[in-house]
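Take a look at the structure below.
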Amino acid sequence: MAKKNTVSLEGAVMTENGLSYKGVIMEPVVEKCEGCDRMVDFEGQNFCPTYAQPARKWAGGVCNFATHVRAEMDKGGKVKINPLKASKRAARGR
Ligand code: SF4
C-alpha cells in the first residue's frame, strides 16, 4: 500500500509554543502515533495535520483518525486497541 502523504505543512512556522500552522499551534505526535500514515515530518519532528494535539487525542483512549490501529469496545465497554498490519511490521522489523 502506498503511503499517502499528500498533506504538507508548508507555510508552518516553528514558534516558542510549538509549530504554528494556519493559526493553530500544533504539538508533536506522541509515541502512540508511531506508525500512523497521517504523521508529517517537519524539521525532524513529526506532526499531525489531522489533529493539532495528538497527546490529547490519545488521552481519551484511541485516536479515531489513526491509520495504524483501530479502537474497539469490548463487552465491558473498555476500549481495546487493535494494531493493524502488526504482523507485517513485526516480520519486517525482526
Ligand atoms: S491521526 Fe491520530 S494517530 Fe495519526 S498522527 Fe494524528 S493524532 Fe496521531
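Read-outs throughout are calculated quantities, based only on the coordinates presented, and are distinct from any laboratory measurement. Predicted model only: the values in this text are computed from it and were never measured. All Cβ positions, glycine included, derive from the backbone under ideal geometry; neighbour counts span all protein chains shown.
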Counting sequence-distant residues (5 or more places) and residues on other chains, those with an amide H built under 5 Å from that of Leu19 are Met26
HN-Hα couplings for segment 36-49 via Karplus (6.51, -1.76, 1.60; θ = phi - 60°), in whole Hz with x for Gly/Pro, come out as 6, 6, 7, 4, 10, 7, 9, 6, x, 10, 9, 10, 10, x
Counting only residues 5 or more apart in sequence or on a different chain, those whose built amide H sits under 5 Å from that of Lys80 are Glu72, Met73, Asp74
Ordered by fewest other Cβ atoms within 10 Å, a rough proxy for footprinting exposure, Phe65, Phe42, Phe47 read Phe65, Phe42, Phe47
Treating every alpha carbon of segment 13-93 as one equal point scatterer without solvent, the Debye formula yields log10 I(q)/I(0) values at q = 0.12, 0.15, 0.17, 0.27 Å⁻¹ of -0.40, -0.59, -0.72, -1.29
Going residue by residue through segment 59-64, the Karplus relation 6.51 cos²θ - 1.76 cosθ + 1.60 with θ = phi - 60° gives ³J(HN,Hα) values, rounded to whole Hz and with x marking Gly or Pro, of 4, x, x, 9, 6, 6
Note, segment 65-74: 3J(HN,Hα) by Karplus (6.51, -1.76, 1.60, θ = phi - 60°), whole Hz, Gly/Pro = x, goes 9, 4, 9, 9, 9, 9, 8, 9, 8, 8
